[in-house]
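The values are calculated or read from the model by the stated rules, or taken from the named source; none is laboratory data. This is a predicted model, so every value here is computed, not measured. Because the Cβ atoms are built from the backbone with ideal geometry, glycine has one as well, and the counts that use them run over all protein chains shown. Heavy atoms of the whole protein, side chains included, go into the accessibility calculation; ligands, DNA and RNA do not. Shrake-Rupley method; radii C 1.70, N 1.55, O 1.52, S 1.80 Å.
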Amino acid sequence: MYGGGYVSEEQRKQMQFDDDPEKLAAFEARIDRGEKIEPQDWMPKEYRKQLIRMIEQHAHSEIIGALPEGTWITRAPGFKRKMAIMAKVQDEIGHAQLLYAAAETLGKTREQMLNDLISGKSKYSNVFNYPAKTWSDVAVIGFLIDAAAIVNQTLNAKGSYGPYCRALERICYEEAFHLKQGHDAFVSLATGSKRMREELQEALNRWWRPIIHFFGPSDKQSVHSDKLMKWKVKMASNDDMRNQYLDMYVPRIRELDLTIPDPELRKDPDTGRWVFGDPNWDEFYEVIKGNGPCNEERLAVRRWAEENGTWVRQALQPKSGKYITPLA
Ligand code: COA
(Lines give C-alpha, C1' and ligand atoms only; values in the text may rest on other atoms or scores of the structure.)
Protein backbone atom coordinates (compact mmCIF):
# COMPACT_ATOMS: atom_id res chain seq x y z
CA MET A 1 0.00 0.00 0.00
CA TYR A 2 1.05 3.59 -0.46
CA GLY A 3 2.14 5.68 2.49
CA GLY A 4 2.97 9.32 3.15
CA GLY A 5 1.59 12.03 0.88
CA TYR A 6 1.42 15.76 1.18
CA VAL A 7 -1.28 18.09 2.50
CA SER A 8 -0.17 21.64 3.27
CA GLU A 9 -0.45 22.99 6.81
CA GLU A 10 -2.73 25.74 5.51
CA GLN A 11 -5.10 23.18 3.99
CA ARG A 12 -5.16 21.20 7.23
CA LYS A 13 -6.06 24.35 9.18
CA GLN A 14 -8.79 25.17 6.73
CA MET A 15 -10.28 21.72 7.13
CA GLN A 16 -10.79 22.46 10.84
CA PHE A 17 -13.19 25.37 10.15
CA ASP A 18 -16.76 24.86 11.15
CA ASP A 19 -19.44 25.80 8.70
CA ASP A 20 -20.05 29.28 9.97
CA PRO A 21 -23.39 30.51 8.49
CA GLU A 22 -21.93 33.81 7.31
CA LYS A 23 -19.11 32.10 5.50
CA LEU A 24 -21.57 29.63 4.03
CA ALA A 25 -23.82 32.43 2.74
CA ALA A 26 -20.84 34.23 1.18
CA PHE A 27 -19.68 30.96 -0.39
CA GLU A 28 -23.10 30.25 -1.88
CA ALA A 29 -23.37 33.81 -3.20
CA ARG A 30 -20.07 33.31 -5.02
CA ILE A 31 -21.39 30.13 -6.56
CA ASP A 32 -24.62 31.86 -7.59
CA ARG A 33 -22.55 34.56 -9.30
CA GLY A 34 -20.81 31.82 -11.31
CA GLU A 35 -17.41 32.31 -9.64
CA LYS A 36 -14.96 29.44 -9.43
CA ILE A 37 -13.94 28.14 -6.02
CA GLU A 38 -10.19 27.58 -5.70
CA PRO A 39 -8.33 25.27 -3.27
CA GLN A 40 -7.22 28.07 -0.92
CA ASP A 41 -10.78 29.49 -0.65
CA TRP A 42 -13.09 28.76 2.25
CA MET A 43 -15.56 26.00 1.46
CA PRO A 44 -18.11 24.04 3.51
CA LYS A 45 -16.91 20.69 4.78
CA GLU A 46 -19.66 18.92 2.91
CA TYR A 47 -18.68 20.58 -0.39
CA ARG A 48 -15.09 19.40 0.12
CA LYS A 49 -16.23 15.90 1.09
CA GLN A 50 -18.58 15.58 -1.88
CA LEU A 51 -15.96 16.84 -4.32
CA ILE A 52 -13.37 14.41 -3.02
CA ARG A 53 -15.87 11.54 -3.33
CA MET A 54 -16.88 12.44 -6.85
CA ILE A 55 -13.50 13.40 -8.30
CA GLU A 56 -11.86 10.39 -6.69
CA GLN A 57 -14.49 8.03 -8.14
CA HIS A 58 -13.98 9.69 -11.49
CA ALA A 59 -10.17 9.28 -11.31
CA HIS A 60 -10.54 5.61 -10.38
CA SER A 61 -12.91 5.16 -13.32
CA GLU A 62 -10.21 6.42 -15.66
CA ILE A 63 -7.49 4.01 -14.52
CA ILE A 64 -9.84 1.07 -14.22
CA GLY A 65 -11.51 2.12 -17.49
CA ALA A 66 -8.21 1.69 -19.30
CA LEU A 67 -8.24 -2.04 -18.51
CA PRO A 68 -11.02 -3.48 -20.71
CA GLU A 69 -9.67 -1.71 -23.80
CA GLY A 70 -6.06 -2.29 -22.72
CA THR A 71 -6.58 -6.03 -23.14
CA TRP A 72 -7.32 -5.36 -26.84
CA ILE A 73 -4.10 -3.50 -27.71
CA THR A 74 -2.42 -6.67 -28.95
CA ARG A 75 -5.55 -7.94 -30.68
CA ALA A 76 -6.90 -4.79 -32.34
CA PRO A 77 -7.53 -5.39 -36.05
CA GLY A 78 -4.60 -3.83 -37.90
CA PHE A 79 -1.71 -1.53 -37.13
CA LYS A 80 -3.67 1.75 -37.21
CA ARG A 81 -6.34 0.52 -34.80
CA LYS A 82 -3.61 -0.83 -32.47
CA MET A 83 -1.88 2.55 -32.45
CA ALA A 84 -5.14 4.40 -31.85
CA ILE A 85 -6.27 2.16 -28.98
CA MET A 86 -2.82 2.30 -27.39
CA ALA A 87 -2.85 6.11 -27.49
CA LYS A 88 -6.36 6.16 -26.09
CA VAL A 89 -5.47 3.89 -23.17
CA GLN A 90 -2.50 6.14 -22.37
CA ASP A 91 -4.78 9.19 -22.47
CA GLU A 92 -7.13 7.56 -19.95
CA ILE A 93 -4.27 7.07 -17.51
CA GLY A 94 -3.35 10.72 -18.08
CA HIS A 95 -6.93 11.70 -17.23
CA ALA A 96 -6.61 9.81 -13.96
CA GLN A 97 -3.42 11.78 -13.20
CA LEU A 98 -5.22 15.09 -13.77
CA LEU A 99 -8.17 14.03 -11.65
CA TYR A 100 -6.09 12.67 -8.77
CA ALA A 101 -4.18 15.97 -8.81
CA ALA A 102 -7.50 17.88 -8.67
CA ALA A 103 -8.75 15.74 -5.76
CA GLU A 104 -5.45 16.19 -3.92
CA THR A 105 -6.03 19.96 -3.82
CA LEU A 106 -8.90 19.15 -1.43
CA GLY A 107 -6.68 17.39 1.08
CA LYS A 108 -6.92 13.66 0.38
CA THR A 109 -3.63 12.25 -0.78
CA ARG A 110 -3.22 10.16 -3.89
CA GLU A 111 -1.89 7.36 -1.70
CA GLN A 112 -5.06 7.36 0.41
CA MET A 113 -7.20 7.37 -2.73
CA LEU A 114 -5.33 4.47 -4.30
CA ASN A 115 -5.43 2.55 -1.04
CA ASP A 116 -9.21 3.06 -0.94
CA LEU A 117 -9.51 1.84 -4.53
CA ILE A 118 -7.56 -1.35 -4.11
CA SER A 119 -9.14 -2.17 -0.76
CA GLY A 120 -12.57 -1.93 -2.44
CA LYS A 121 -13.69 1.03 -0.28
CA SER A 122 -14.05 3.53 -3.14
CA LYS A 123 -16.40 3.18 -6.07
CA TYR A 124 -15.71 3.63 -9.76
CA SER A 125 -17.97 3.58 -12.79
CA ASN A 126 -20.25 0.54 -13.13
CA VAL A 127 -19.48 0.15 -16.84
CA PHE A 128 -15.89 -0.93 -16.33
CA ASN A 129 -16.94 -4.05 -14.47
CA TYR A 130 -18.09 -5.77 -17.64
CA PRO A 131 -15.83 -7.72 -20.00
CA ALA A 132 -14.82 -6.60 -23.50
CA LYS A 133 -15.36 -9.98 -25.12
CA THR A 134 -14.91 -9.01 -28.76
CA TRP A 135 -13.54 -6.14 -30.84
CA SER A 136 -17.16 -4.99 -31.17
CA ASP A 137 -17.27 -4.45 -27.42
CA VAL A 138 -14.28 -2.11 -27.81
CA ALA A 139 -16.15 -0.22 -30.55
CA VAL A 140 -19.21 0.11 -28.30
CA ILE A 141 -17.06 1.37 -25.43
CA GLY A 142 -15.18 3.81 -27.68
CA PHE A 143 -18.33 5.21 -29.25
CA LEU A 144 -21.21 4.91 -26.81
CA ILE A 145 -19.47 4.97 -23.43
CA ASP A 146 -17.08 7.74 -24.36
CA ALA A 147 -20.08 9.66 -25.67
CA ALA A 148 -21.85 9.18 -22.34
CA ALA A 149 -18.75 10.40 -20.49
CA ILE A 150 -18.59 13.47 -22.74
CA VAL A 151 -22.22 14.39 -22.01
CA ASN A 152 -21.46 14.23 -18.27
CA GLN A 153 -18.09 15.94 -18.43
CA THR A 154 -18.88 18.83 -20.77
CA LEU A 155 -21.72 19.78 -18.43
CA ASN A 156 -19.68 19.41 -15.24
CA ALA A 157 -16.73 21.31 -16.75
CA LYS A 158 -18.87 24.43 -16.27
CA GLY A 159 -19.17 23.72 -12.55
CA SER A 160 -17.91 25.58 -9.52
CA TYR A 161 -14.64 23.94 -8.45
CA GLY A 162 -11.77 25.42 -10.47
CA PRO A 163 -9.26 22.53 -10.48
CA TYR A 164 -11.93 19.94 -11.39
CA CYS A 165 -13.38 22.11 -14.17
CA ARG A 166 -9.97 22.78 -15.68
CA ALA A 167 -9.12 19.07 -15.60
CA LEU A 168 -12.48 18.24 -17.22
CA GLU A 169 -12.00 20.82 -19.95
CA ARG A 170 -8.70 19.26 -20.96
CA ILE A 171 -10.15 15.74 -20.66
CA CYS A 172 -13.09 16.65 -22.91
CA TYR A 173 -10.78 17.69 -25.76
CA GLU A 174 -9.14 14.28 -25.65
CA GLU A 175 -12.43 12.44 -25.16
CA ALA A 176 -13.82 14.12 -28.27
CA PHE A 177 -10.99 12.51 -30.21
CA HIS A 178 -11.62 9.15 -28.52
CA LEU A 179 -15.22 9.43 -29.59
CA LYS A 180 -14.12 9.87 -33.21
CA GLN A 181 -12.02 6.71 -33.09
CA GLY A 182 -14.85 4.81 -31.38
CA HIS A 183 -17.36 6.06 -33.94
CA ASP A 184 -15.06 5.08 -36.79
CA ALA A 185 -14.62 1.54 -35.41
CA PHE A 186 -18.37 1.28 -34.75
CA VAL A 187 -19.38 2.45 -38.23
CA SER A 188 -16.83 0.12 -39.88
CA LEU A 189 -18.43 -2.83 -38.12
CA ALA A 190 -21.99 -1.64 -38.73
CA THR A 191 -21.35 -1.27 -42.44
CA GLY A 192 -19.19 -4.38 -42.72
CA SER A 193 -19.98 -8.04 -43.38
CA LYS A 194 -23.04 -9.83 -41.99
CA ARG A 195 -20.86 -11.43 -39.32
CA MET A 196 -19.42 -8.07 -38.27
CA ARG A 197 -22.90 -6.55 -37.95
CA GLU A 198 -24.10 -9.52 -35.91
CA GLU A 199 -21.16 -9.30 -33.56
CA LEU A 200 -21.72 -5.56 -33.13
CA GLN A 201 -25.42 -6.08 -32.43
CA GLU A 202 -24.55 -8.68 -29.78
CA ALA A 203 -22.10 -6.25 -28.16
CA LEU A 204 -24.74 -3.49 -28.19
CA ASN A 205 -27.19 -5.91 -26.55
CA ARG A 206 -24.66 -6.60 -23.78
CA TRP A 207 -23.80 -2.93 -23.14
CA TRP A 208 -27.13 -1.16 -23.41
CA ARG A 209 -28.23 -1.71 -19.82
CA PRO A 210 -24.87 -0.74 -18.26
CA ILE A 211 -24.94 2.41 -20.43
CA ILE A 212 -28.37 3.36 -19.08
CA HIS A 213 -26.97 2.77 -15.56
CA PHE A 214 -23.89 4.91 -16.30
CA PHE A 215 -25.69 8.19 -15.55
CA GLY A 216 -26.60 6.97 -12.08
CA PRO A 217 -29.93 6.06 -10.46
CA SER A 218 -33.11 7.97 -11.30
CA ASP A 219 -33.44 11.46 -9.82
CA LYS A 220 -35.83 10.04 -7.20
CA GLN A 221 -33.22 7.51 -6.06
CA SER A 222 -30.14 9.75 -6.38
CA VAL A 223 -28.64 10.49 -2.97
CA HIS A 224 -26.29 13.38 -3.72
CA SER A 225 -27.76 15.24 -6.70
CA ASP A 226 -29.68 17.99 -4.90
CA LYS A 227 -26.71 19.17 -2.88
CA LEU A 228 -24.29 18.80 -5.77
CA MET A 229 -26.52 20.73 -8.12
CA LYS A 230 -27.12 23.48 -5.60
CA TRP A 231 -23.36 23.96 -5.32
CA LYS A 232 -22.85 23.57 -9.09
CA VAL A 233 -20.65 20.54 -8.84
CA LYS A 234 -23.12 18.58 -10.95
CA MET A 235 -24.62 20.74 -13.67
CA ALA A 236 -27.54 18.46 -14.53
CA SER A 237 -29.43 15.68 -12.80
CA ASN A 238 -28.84 12.01 -13.63
CA ASP A 239 -32.12 11.77 -15.55
CA ASP A 240 -31.46 14.98 -17.48
CA MET A 241 -28.01 13.78 -18.52
CA ARG A 242 -29.42 10.40 -19.53
CA ASN A 243 -32.17 12.10 -21.52
CA GLN A 244 -29.73 14.37 -23.29
CA TYR A 245 -27.60 11.35 -24.19
CA LEU A 246 -30.58 9.41 -25.57
CA ASP A 247 -31.59 12.45 -27.62
CA MET A 248 -28.17 12.53 -29.23
CA TYR A 249 -27.27 8.87 -29.63
CA VAL A 250 -30.46 6.86 -30.18
CA PRO A 251 -30.84 8.34 -33.70
CA ARG A 252 -27.16 7.69 -34.46
CA ILE A 253 -27.50 4.02 -33.52
CA ARG A 254 -30.76 3.61 -35.40
CA GLU A 255 -29.46 5.24 -38.58
CA LEU A 256 -26.97 2.36 -38.76
CA ASP A 257 -29.89 -0.06 -38.75
CA LEU A 258 -28.99 -1.55 -35.40
CA THR A 259 -31.64 -2.50 -32.87
CA ILE A 260 -31.58 -0.99 -29.41
CA PRO A 261 -32.40 -3.91 -27.12
CA ASP A 262 -35.30 -2.22 -25.35
CA PRO A 263 -38.73 -2.61 -26.98
CA GLU A 264 -40.18 0.01 -24.63
CA LEU A 265 -37.72 2.74 -25.59
CA ARG A 266 -39.53 5.77 -27.07
CA LYS A 267 -39.59 9.51 -26.76
CA ASP A 268 -42.77 10.81 -25.19
CA PRO A 269 -43.89 13.65 -27.48
CA ASP A 270 -45.75 15.41 -24.65
CA THR A 271 -42.90 15.54 -22.14
CA GLY A 272 -39.97 15.40 -24.56
CA ARG A 273 -38.50 12.74 -22.27
CA TRP A 274 -37.32 9.26 -23.17
CA VAL A 275 -39.25 6.38 -21.68
CA PHE A 276 -37.38 3.10 -21.31
CA GLY A 277 -37.98 -0.40 -19.99
CA ASP A 278 -36.87 -1.50 -16.53
CA PRO A 279 -33.05 -1.40 -16.69
CA ASN A 280 -32.76 -3.69 -13.66
CA TRP A 281 -31.41 -1.31 -11.03
CA ASP A 282 -30.71 -4.30 -8.76
CA GLU A 283 -27.98 -5.28 -11.18
CA PHE A 284 -26.54 -1.73 -11.03
CA TYR A 285 -26.41 -1.75 -7.21
CA GLU A 286 -24.82 -5.21 -7.17
CA VAL A 287 -22.15 -4.08 -9.64
CA ILE A 288 -21.27 -0.90 -7.73
CA LYS A 289 -21.17 -2.90 -4.48
CA GLY A 290 -18.39 -5.00 -5.98
CA ASN A 291 -20.36 -7.96 -7.30
CA GLY A 292 -20.23 -7.33 -11.05
CA PRO A 293 -18.76 -9.78 -13.54
CA CYS A 294 -15.26 -8.24 -13.51
CA ASN A 295 -14.93 -6.29 -10.23
CA GLU A 296 -12.53 -8.80 -8.67
CA GLU A 297 -10.43 -9.07 -11.80
CA ARG A 298 -10.16 -5.28 -12.19
CA LEU A 299 -9.04 -4.72 -8.60
CA ALA A 300 -6.64 -7.66 -8.79
CA VAL A 301 -4.88 -5.96 -11.73
CA ARG A 302 -4.59 -2.69 -9.78
CA ARG A 303 -3.22 -4.57 -6.75
CA TRP A 304 -0.69 -6.30 -8.95
CA ALA A 305 0.36 -2.95 -10.46
CA GLU A 306 0.64 -1.42 -7.00
CA GLU A 307 2.77 -4.28 -5.62
CA ASN A 308 5.00 -4.40 -8.66
CA GLY A 309 5.46 -0.63 -8.68
CA THR A 310 6.66 -0.47 -5.06
CA TRP A 311 10.32 -0.43 -6.08
CA VAL A 312 9.70 2.59 -8.36
CA ARG A 313 8.12 4.56 -5.54
CA GLN A 314 10.96 3.56 -3.22
CA ALA A 315 13.51 4.68 -5.81
CA LEU A 316 11.76 8.08 -5.89
CA GLN A 317 12.18 8.59 -2.13
CA PRO A 318 14.79 11.28 -1.57
CA LYS A 319 17.30 10.83 1.26
CA SER A 320 15.10 12.91 3.60
CA GLY A 321 12.55 10.09 3.36
CA LYS A 322 9.80 12.52 2.32
CA TYR A 323 7.60 10.89 -0.28
CA ILE A 324 7.35 12.69 -3.61
CA THR A 325 3.99 12.39 -5.32
CA PRO A 326 4.36 11.91 -9.09
CA LEU A 327 3.01 15.39 -9.85
CA ALA A 328 4.76 17.22 -6.99
N1 COA B 1 -21.08 3.84 -11.34
C2 COA B 1 -20.75 3.62 -10.06
N3 COA B 1 -21.38 4.22 -9.02
C4 COA B 1 -22.36 5.09 -9.33
C5 COA B 1 -22.74 5.39 -10.64
C6 COA B 1 -22.06 4.72 -11.68
N7 COA B 1 -22.36 4.91 -12.97
N8 COA B 1 -23.75 6.29 -10.62
C9 COA B 1 -24.01 6.54 -9.32
N10 COA B 1 -23.18 5.82 -8.54
C11 COA B 1 -23.16 5.74 -7.08
C12 COA B 1 -22.76 7.08 -6.49
O13 COA B 1 -21.36 7.19 -6.46
C14 COA B 1 -23.40 7.00 -5.13
O15 COA B 1 -22.64 6.14 -4.28
P16 COA B 1 -21.84 6.69 -2.95
O17 COA B 1 -22.83 7.49 -2.17
O18 COA B 1 -21.39 5.45 -2.28
O19 COA B 1 -20.71 7.52 -3.46
C20 COA B 1 -24.69 6.26 -5.41
O21 COA B 1 -24.48 5.53 -6.61
C22 COA B 1 -25.89 7.17 -5.54
O23 COA B 1 -25.84 7.92 -6.76
P24 COA B 1 -26.03 9.50 -6.85
O25 COA B 1 -26.48 10.07 -5.56
O26 COA B 1 -26.86 9.83 -8.05
O27 COA B 1 -24.49 9.94 -7.11
P28 COA B 1 -23.92 11.26 -7.75
O29 COA B 1 -24.82 12.42 -7.43
O30 COA B 1 -22.49 11.34 -7.40
O31 COA B 1 -24.06 11.02 -9.36
C32 COA B 1 -22.55 10.51 -11.19
C33 COA B 1 -23.38 9.97 -10.02
C34 COA B 1 -21.77 9.35 -11.81
C35 COA B 1 -23.49 11.11 -12.24
C36 COA B 1 -21.61 11.62 -10.65
O37 COA B 1 -20.87 11.12 -9.56
C38 COA B 1 -20.64 12.14 -11.66
O39 COA B 1 -21.02 12.94 -12.52
N40 COA B 1 -19.35 11.77 -11.54
C41 COA B 1 -18.26 12.30 -12.34
C42 COA B 1 -18.08 11.61 -13.65
C43 COA B 1 -17.64 10.19 -13.55
O44 COA B 1 -17.24 9.69 -12.52
N45 COA B 1 -17.66 9.49 -14.68
C46 COA B 1 -17.27 8.09 -14.72
C47 COA B 1 -16.33 7.67 -15.74
S48 COA B 1 -16.00 8.60 -17.13
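Among the residues of segment 111-128, those that are within 11 Å of the ligand (Cβ to nearest atom), open to solvent by 10 Å² or more (accessible area, probe 1.4 Å) and in contact (Cβ under 8 Å) with a residue 12 or more places away in the chain comprise S122, K123, Y124, S125, F128. Among the candidates G159, G216, G142, the residue that is open to solvent by less than 30 Å² (accessible area, probe 1.4 Å), of a type in the set (G, A, S) and away from the ligand (no atom under 11 Å from the Cβ) is uniquely G142.
Inspection of segment 221-229 identifies at least one residue that is among the basic types (K, R), more than 26 Å from D278 (Cβ to Cβ) and over 17 Å from the mean Cα position of the chain (by Cα).
Every test in (1) within 16 Å of the ligand (Cβ to nearest atom); (2) under 30 Å from N205 (Cα atoms); (3) in contact (Cβ under 8 Å) with a residue 40 or more places away in the chain is passed by P131 save one, and that test is (1).
Restricting attention to segment 221-269, which residues are within 11 Å of the ligand (Cβ to nearest atom), within 28 Å of L204 (Cβ to Cβ) and open to solvent by 70 Å² or more (accessible area, probe 1.4 Å)? Of everything in segment 221-269, just one residue is within 11 Å of the ligand (Cβ to nearest atom), within 28 Å of L204 (Cβ to Cβ) and open to solvent by 70 Å² or more (accessible area, probe 1.4 Å), namely Q221. Whenever a residue of segment 51-73 is small (G, A, S), its partners that are within 8 Å of the ligand (Cβ to nearest atom) and not in a helix (DSSP H, G or I), lying with C-beta atoms within less than 8 angstrom and at least six residues away or across chains, give the pairs S61/Y124; S61/S125; G65/Y124; G65/S125. Against the condition away from the ligand (no atom under 12 Å from the Cβ) and buried (at least 18 other Cβ atoms within 10 Å of the Cβ), how does K108 come out, does it pass? Yes.
Does Q50 meet the test of being surrounded by fewer than 22 Cβ atoms within 10 Å (Cβ to Cβ), in contact with a Ser or Thr (Cβ under 7 Å, 6 or more places away or on another chain) and among the polar types (S, T, N, Q)?
No.
When you check L258 against the structure, is it in a loop (DSSP other than H, G, I, E, B) and in contact (Cβ under 8 Å) with a residue 24 or more places away in the chain, yes or no? Criteria met by L258.
Within segment 190-205, if we keep just the residues that are of a type outside the set (D, E, K, R) and either surrounded by 15 or more Cβ atoms within 10 Å (Cβ to Cβ) or part of a helix (DSSP H, G or I) (or both), the residue that is farthest from the chain's Cα centre (by Cα) turns out to be M196.
Every test in (1) farther than 28 Å from Q40 by Cα; (2) of a type outside the set (S, T, Y); (3) in a helix (DSSP H, G or I) is passed by Q153 save one, and that test is (1). Among the residues making up segment 53-63, those that are open to solvent by less than 40 Å² (accessible area, probe 1.4 Å) and within 8 Å of the ligand (Cβ to nearest atom) are M54, I55, H58, S61, E62.
Exactly one residue out of A76, A66 is under 22 Å from K180 (Cα atoms) and over 14 Å from the mean Cα position of the chain (by Cα): that is A76.
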